[in-house]
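First up is the structure itself, then whatever we jot down about it.
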Amino acid sequence: MHQRLAAMLRKEYLQFFRDRPLIYIVLYVFIIEIYVAGTGFNIEVRNYPTAVYDRDNTQWSVQLAEKFRMPYFRVTHLVHSDPEMEALLDEGTVSLILVIPYGFARDLAEKNHAEVQAISDGTLSNTALLAMGYASQIAQEFALELGERLGRVVPGTEHLWPQVQLKPRVAYNPNQKAEWFASLIELFSVITLVAILLPAAAMVREKERGTIEQLLVTPITPVEIMLAKVISMASIVLVASALSLFLVIYPIFGLPWRGDLLLYTVATALYVFSATGVGLLIATVCRTLPQTILFLLMVIPPILFLSGSWSPEEALPTGMRMVTYLSPLKYYLTIAYGILLKGAGFRQLWQHFVGLTGLGLLLFGCCAFRFRRHFG
Amino acid sequence: MTFNRRLQSVFLKEIKEIYRDKIYLAMALVVPLILMILFGLGLTLDVKNIPTAVLDQNRSPQSREYVARVTRSRYFTLENYLTDVSPIDQKLTEGKIRLGLIIPPNFDRTLALGQASEVQALIDGAFPDRAATIRSYLEAINLDFNQELASRWGMATGQTVPYIEVETRAWFNSDLESKNFIVPGLLVTNLFFFPALLASIAVVREKESGSIFNIYCSPIRRWEYVTGKLLPYWGIGLINYVMIYLLSDFLFDVPFRGSFLFLTLAATIYLGTSTSLGLLMSILFKTQVAAMLITTVATMIPAFIYSGFFIAVNSMGPEAQFMAYILPATYFMELVRGVYLKGLGLQVYWPNLLVLLLFAAGFLSLCLYKLQKRVG
């Protein structure tokens, strides 16, 4: 068995390394793509393009507008009319407009209460919501500051009236560094893509060309054929993901050395095993490469985006939530985040390990079964 | 139509090949719809029902009111009511909760003295954007609570606290539902990677099977061959477009404020761009596996990450902005959301159409340049 497997493995490696563009693209996605995604991807509200429409034009209104500054807001335009405001929002030049109505300062002086408007481009609703939240906070802070200056509130003590001070602490990613999140997500996506696509394509190619028949008349067993594909794939993905961790994510993005890297390696190997199973199963169903591509297109994007990477479990409808248990990425995501970001160990994550292994075995079993039926 | 028999015969051959593979044909028409339904239902960026654990060490009417304000809002769901601190960290690590709220023992007494009491909020930072949103919701609820405390206190003591109310309004997507930008966004991403991948094996397939030599020694001109290969996939793309559009309207009920005719014109050009990109990949590479993997890497992940699908291009980092600007999907994304949500048309988006046309022209000329009718 060892000899046969070794020969088969050698063939798989030869085939991979002979396809030069393939090597370059794998290096590209695991290094450059991860870097670009990590640096550029910022889903938070930063430098939100903003315009100010100050109809009051008093000292206070100008001071309030000045509070809308970096890092949250970047005021790029001063608006003087309604049509101008509409045009800016229509064209997407700015995403938020602060409207300070006439009488703002007077209301504040006399009634102690004034209103302003924050009109946002709701197209990207999640960032719009955040921006409007920040706008409210800035306005309230300004009001307090004003109160102190006017002597209505004693300076330095916010304690003159009862108040709840919220002390938020963001665990695991205290500065909310989007680089960590974005580069890790990208790494997991790339691993998934490569581990599903490559073996599926390689297997279907053997079917299309008929070389699979040749393999089957040799003493090699179907399980060995599949094992060779899994082992070669897993080793390539492991080396490549080590490159992206040690060349990009740790040194450039400064991810803290928190997790047990050995455990992470085991988890990644298990994940590649399961993902390869998905690819191979598709390959046993399809007859031609074009069919395979369509099948992969149906399977890969949902795995990538619905396994809890972009929207967490609690945001999914119940039916969909059940389906995601069939996605190996779901387990891997929890494990990999747990290890790399939260420093969790096997004890906290064992259920997910069991899930991942079980799913891998199930997929692999299905492959072997289909394989036998097909060719045995 | 016998305007060009050579072009026609390549075209008919490609159509026949697609038509003969019934599974492929059926999937080419159905897979985009399945993807659309899965993503439309599953991918929500609305932050709602956040699983929350509360540790109320005060257990007074006032602390309960504070907790109720948080958990009764539609954003948070009370998962656990705890009696000691230690489980909070563990539940956060396991991903069972995303927020832990800790109210100190002397909460109500401190407030009754007119002082500030602290409330701690532990937020899972693994998803930075969600952490920021959770934080912003909490701050808003807290601000409201404080406002009431202050006004009650003010009435009792004669002290006044200035207050600026921010009235928020979101244009174009007034309910701030993420589906309203995700579903049109999916139209863009799906019509980018799907036709590109279908076309990506059109030529390389003939290279692998050797039938490309028939083309080399036939009188057909390069442009005729390229056009004949392109048109069938373009056609499939157009059918996909119409079906996705209908789905967005009838199933997902996304507001459509613009002109369908204009959108169709734009989609036709855009499909030309993505199909010719796929064809270019097919001409550039020697193996189907390489062409397929590279097209996937070049289209699928970038279409979701850099096109502005999740976040606006103007709040990305410089590297990612560069990626966004060299990606055709970015220009179509702006246009599609503008047509759907803002009801804008040609007078605003003609430059986008121009850029898409330039991309298509560029890809096609590269196709012609790289498709040499000779061996090696």
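Just so it is clear, none of the values below were taken in a lab; they were calculated from the coordinates. The shown structure was predicted, so the numbers you read here are calculated from the model rather than taken from an experiment. All Cβ positions, glycine included, derive from the backbone under ideal geometry; neighbour counts span all protein chains shown.
Details
- Among B:19, B:271, A:371 - extreme Cα towards positive end, dipole of the protein assembly as shown, charges at beta-carbon: A:371
- In range of the label at residue B:48: residues from segment A:303-324 whose backbone nitrogen is under 20 Å from the point 7 Å along Cα→Cβ: A:306-324
- Volume of the Cα convex hull of segment A:26-93, divided per residue and given in Å³: 93 Å³
- Rg/Rh (Cα only; Kirkwood hydrodynamic radius) as it applies to segment B:50-157: 0.99
- FRET E, pair residue B:152, residue A:325, Förster distance 41 Å, beta-carbon r, rounded to 0.05: 0.25
- Net dipole in debye of chain B [+1 Lys, Arg Cβ; -1 Asp, Glu Cβ; about Cα centre; nearest 20]: 1880 debye
- By the Stokes-Einstein formula, at 0.890 mPa s and 25 °C, segment B:101-244 with its Kirkwood radius over alpha-carbon pairs has D equal to 110 µm²/s.
- Low-density loop positions, chymotrypsin sites (Phe, Trp or Tyr not before Pro), segment B:1-61 - DSSP coil, at most 11 other Cβ in 10 Å: B:3
- Distance between the 7 Å Cα→Cβ label points at residue B:249 and residue B:213: 5.2 nm.
- Across the alpha-carbon atoms of segment A:279-376, the computed radius of gyration and Dmax are 15.6, 47 angstrom.
- Over chain A, Cα pairs under 8 Å with separation of 6+ residues give a relative contact order of 19 percent.
- Taking amide H as placed 1.01 Å from N in the peptide plane, residue A:344 has its amide H under 5 Å from the amide H of A:339, each at least 5 places away in sequence or on another chain.
- Pairwise label distance in nanometres, residue B:90 with residue A:347, each label 7 Å out on the Cα-Cβ vector: 0.9 nm
- Links that overshoot a 29 Å alpha carbon limit, given the list B:16/B:373; A:11/B:373; B:16/B:179; A:229/B:179; B:13/B:370: A:11/B:373; B:16/B:179; A:229/B:179
- Whole-angstrom Cα spans of segment B:160-315 along principal axes, big to small: 89, 31, 23
- Electrostatic dipole magnitude of the protein assembly as shown [Cβ: Lys, Arg +1; Asp, Glu -1; Cα centre; debye, to 20]: 3340 debye
- At q = 0.09, 0.18, 0.21 Å⁻¹, base-10 log of I(q)/I(0) for segment A:48-150 (Debye sum, equal scatterers on each alpha carbon): -0.21, -0.83, -1.09
- Plainly put, chain A has a radius of gyration that is 1.14 times its Kirkwood radius, both from alpha-carbon atoms, as the Rg/Rh ratio.
- Alpha-carbon centroids, segment B:1-79 and segment B:321-337: separation in whole Å: 21 Å
- Mean separation of Cα contacts under 8 Å (6+ apart) over length of chain B, as relative contact order %: 19 percent
- Shown here for segment B:86-163: chymotrypsin sites (Phe, Trp or Tyr not before Pro) in loop regions (DSSP other than H, G, I, E, B) with at most 12 other Cβ atoms within 10 Å, of which there are none.
- Legend: P(r) of the protein assembly as shown from all alpha carbon pair distances, 20 Å bins from 0, whole percents, reading 16, 45, 29, 9, 1.
- Viscosity 0.890 mPa s, temperature 25 °C, Stokes-Einstein D of segment A:206-286 from Kirkwood C-alpha radius, µm²/s: 165 µm²/s
- Rounded to the nearest 10 degrees, the inclination of helix B:61-72 to the longest alpha-carbon principal axis of chain B is 10 degrees.
- GNM flexibility winner over chain B from B:220, B:141, B:201 (Cα, springs under 10 Å): B:141
- Rounded to the nearest 500, the 222 nm mean residue ellipticity of chain A from helices alone is -21000 deg cm²/dmol, with -39,500 (n - 2.57) taken per DSSP H run of at least 4 residues.
- Values of log10 I(q)/I(0) for chain B across q = 0.07, 0.08, 0.12, 0.14 Å⁻¹ run -0.47, -0.58, -0.95, -1.14, by the Debye formula with one identical scatterer at each alpha carbon and no solvent.
- Taking label points 7 Å from Cα along the Cα-to-Cβ direction, residue A:223 and residue A:4 give a separation of 1.1 nm.
- Estimated FRET transfer efficiency when R0 is 30 angstrom, pair residue B:242-residue A:211 (beta carbons, to 0.05): 0.15
- Rg to Rh, two decimals, where segment B:302-358 supplies the alpha carbon set and Rh follows Kirkwood: 0.97
- Between the Cα long axis of helix A:346-375 and the first principal axis of chain A there is an angle of about 40°, rounded to the nearest 10.
- Taking the convex hull of the alpha carbon positions in segment A:255-299 and averaging its projected area over all directions gives 4.3 nm².
- Contact order, relative form, for segment B:50-157: 29 percent (alpha carbon pairs under 8 Å, 6 or more residues apart, mean separation divided by residue count).
- For segment B:70-115, trypsin sites (Lys or Arg not before Pro) meeting the loop criterion (DSSP other than H, G, I, E, B) and having at most 12 other Cβ atoms within 10 Å: B:74.
- Dipole magnitude for segment B:78-215: computed about the Cα centre from +1 point charges on Lys and Arg Cβ and -1 point charges on Asp and Glu Cβ, it is near 340 debye.
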